[in-house]
1. What about Gly209, is it open to solvent by 30 Å² or more (accessible area, probe 1.4 Å) and at positive phi?
2. (1) open to solvent by less than 30 Å² (accessible area, probe 1.4 Å); (2) modelled with pLDDT of 85 or more: which one isn't true of Lys15, the others all being true?
3. Take the range 222-236 and flag every residue that is at pLDDT below 90 and open to solvent by 30 Å² or more (accessible area, probe 1.4 Å).
4. Which condition from (1) open to solvent by less than 60 Å² (accessible area, probe 1.4 Å); (2) within 30 Å of Leu108 (Cα to Cα) is the one that Gln304 breaks?
5. Mind listing just one residue for me: the one in the range 237-276 that is touching a strand residue (DSSP E or B) at 6+ places or on another chain (Cβ under 6 Å), part of a loop (DSSP other than H, G, I, E, B) and at pLDDT 85 or above and, of those, surrounded by the fewest Cβ atoms within 10 Å (Cβ to Cβ)?
6. Residues of the range 217-243 being over 18 Å from Ile103 (Cβ atoms) and more than 19 Å from the chain's Cα centre (by Cα), which ones?
7. Regarding the range 62-70, can at least one residue be identified that is over 30 Å from Gly222 (Cβ atoms), open to solvent by less than 20 Å² (accessible area, probe 1.4 Å) and among the hydrophobic types (A, V, I, L, M, F, W, C)?
8. Run down Glu161, Glu171 and say which single residue is open to solvent by 70 Å² or more (accessible area, probe 1.4 Å), in a helix (DSSP H, G or I), at pLDDT below 95 and out of contact with any Leu (no Cβ under 6 Å at 6 or more places or on another chain).
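The values are calculated or read from the model by the stated rules, or taken from the named source; none is laboratory data. What you see is a predicted model; the values in this text were computed from it and never measured. Reconstructed Cβ throughout: ideal geometry from the backbone, glycine too, with neighbour counts over all protein chains shown. For accessibility, only protein heavy atoms count, side chains too; no ligands or nucleic acids. Shrake-Rupley method; radii C 1.70, N 1.55, O 1.52, S 1.80 Å.
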Amino acid sequence: VTSPCVPSQETLVGKYGEGAKLIYELKDQGGELLALRYDLTVPFARYLAMNKITNIKRYHIAKVYRRDNPAMTRGRYREFYQCDFDIAGQFDPMIPDAECLKIVHEILSDLQLGDFVIKVNDRRILNGVFAVCGVPESQFIPACCTVDKLDKVPWEEVRSEMVGEKGLSPEAADRIGEYVQLHGGLDLIEQLLQDPKLSQNKVAKEGLGDMKLLFEYLSLFGITGKISFDLSLARGLDYYTGVIFEAVLLQQDNEHLEEPLSVGSVAGGGRYDGLVGMFDAKGRKVPCVGVSIGIERIFSILEQRLEASGEKLRTTETQVLVATPQKHLLAARMKLISELWDAGIKAEMLYKKDPKLLKQLQYCEDTGIPLAAIVGEQELADGVVKLRDVATRKEVRM
């Protein structure tokens, strides 16, 4: 197992920034300090370091835990699945990063969730913005966590938190505001590369150069239509070092609004080149980039849509229900269902000795089972089975 569900607290501490307050902390019988895993990324980085793996491409679907206030309608839970995809290894800039974005684009397109946008930014660009706006380096991460709230609250609230709680000067906050409200594509990257202040910052220049490269690769993959270079994207986790991204679904049913409303993030990720080194005794680094798909978020959106459309959600894969129309035919049902199971057909029957036929057919309708295989006394005598299409009510003897 690459990722124990209950790692030591030490494994998780200092990796998540403000998210740390959401870690479930535990103590075992021997007094050892443990925790429930917060995500799949930190345990993955630890696994690479422990096993001296320097090159791997993998996906992992498993549960993670957050001591959060649940909001079921928004798909936010305390225990939920994450679906992660990561590429670890020393490669040329932005090639694996572009593949991660291609995968997010492919998943969201295939699920037909409606319109979406993948916001992209880079921690180096953000850090460059903070530096040229006069923010001391010790304040970069707190400033980042505050900027990350821009998708939920207006700039005025973010600005007052920067000044009031994070101790930034009002001038610095205003200068940051001029940058973090920008979003666009290749044109904006070119514009910022010419920016008199940002172009003088080594880190920002490096980030913008890579962002330009990324957009070239995304254009080759044919997905730039859904990508937005967005300077307000910060992602609150401490471990990101380069490119960061977040996929957001856009609501369709607001034609009267100028811009479609976002219904929250359904995927996110980025580059975390320093994380593996934190677990390596000699501090050896392995560059990594990865993405996490919020499967519960997607489920809650799909469920809401199904409810709104009045469609039934099918909760079973059963292909056929074995049914009997008269009493004392349990043996016939059990023999037939056994044959179907042996043939690899997904079949079930009601766990009653003498169920009424109507009840059995009603069960098919309620659960969406498409076929009923009916064996009555006449069918047994004739050596046939009556197959009924539940939706059309057509029957054939076979």
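1. No, not satisfied.
2. Looking at each condition in turn, Lys15 falls short on (2).
3. Arg235
4. Unmet for Gln304, out of (1) open to solvent by less than 60 Å² (accessible area, probe 1.4 Å); (2) within 30 Å of Leu108 (Cα to Cα): (1).
5. Ranking the qualifying residues of the range 237-276, first place goes to Thr241.
6. Of everything in the range 217-243, those that are over 18 Å from Ile103 (Cβ atoms) and more than 19 Å from the chain's Cα centre (by Cα) turn out to be Phe229, Asp230, Leu231, Ser232, Thr241.
7. Checking the range 62-70: at least one residue is over 30 Å from Gly222 (Cβ atoms), open to solvent by less than 20 Å² (accessible area, probe 1.4 Å) and among the hydrophobic types (A, V, I, L, M, F, W, C).
8. Criteria check complete, one pass: Glu171.
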